[in-house]
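Notes follow once the structure below has been shown.
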Amino acid sequence: MGRSGVTLVEIMVALAVLALLNGSAVLAIRSLRRPDSASRAELIALAQRSAVTSGRPVQFVAGADTVLFLPDGRAIGLVAAVTEGGTRGSSR
């Protein structure tokens with residue numbers, strides 16, 4: 001008759017499979033997060049470049065923030081201080 005129970009190797013294999021599943025689940029969950037501020041800054045810079053190259057004003061809306069980029073490179077709105085190197089809400 002055979003012995004009943006599990007060997008140490010079987011337990012280690014099961015733990016390795018669980019670790020792989022956990023790792024892939026973490027990666028999937030991380031990809032569902034909101035974009036970080038770096039990607040938002042890239043979108044702001046893209047809107048500003050678009051206004052300058054097209055010669056037309058471009059409006060950038062992100063949540064409650066609205067910025068109007070003018071063809072001469074200026075920005076009017078809440079994020080204007082961030083694009084000019086200041087802090088948010090500063091009066092420059």
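The values are calculated or read from the model by the stated rules, or taken from the named source; none is laboratory data. If you're wondering where the values come from, they're calculated on a predicted model, not measured in any experiment. We place every Cβ from the backbone using ideal geometry, glycine too, and count neighbours over all the protein chains shown.
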Seminar exercise, completed: How many residues of the range 63-74 are within 19 Å of the chain's Cα centre (by Cα) and surrounded by 14 or more Cβ atoms within 10 Å (Cβ to Cβ)? The answer is 1
Problem set entry | Sole residue being loosely packed, with under 10 Cβ neighbours inside 10 Å, at pLDDT below 80 and more than 20 Å from the chain's Cα centre (by Cα), chosen from G86, G2 | G2
Exercise. Of the residues that make up the range 11-32, is at least one within 30 Å of L78 (Cβ to Cβ) and either at pLDDT 90 or above or in a helix (DSSP H, G or I) (or both)?
Worked result: yes
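Of the residues in the range 56-78, how many are part of a strand (DSSP E or B) and either touching a Pro at 6+ places or on another chain (Cβ under 7 Å) or polar (S, T, N, Q) (or both)? Reasoning before the result, please.
From the range 56-78, those part of a strand (DSSP E or B) are 58-62, 65-69, 75-77; that's our starting set.
Applying the additional criterion that residues be either touching a Pro at 6+ places or on another chain (Cβ under 7 Å) or polar (S, T, N, Q) (or both) yields 59, 66, 68-69.
Summing the residues that are part of a strand (DSSP E or B) and either touching a Pro at 6+ places or on another chain (Cβ under 7 Å) or polar (S, T, N, Q) (or both) in the range 56-78 gives 4.
Report yes if G55 is at positive phi and modelled with pLDDT of 90 or more, otherwise no.
The answer is yes for G55.
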For this session: Would you confirm whether any residue within the range 34-49 is assigned to a helix (DSSP H, G or I) and touching an Asp or Glu at 6+ places or on another chain (Cβ under 9 Å)?
Result: no
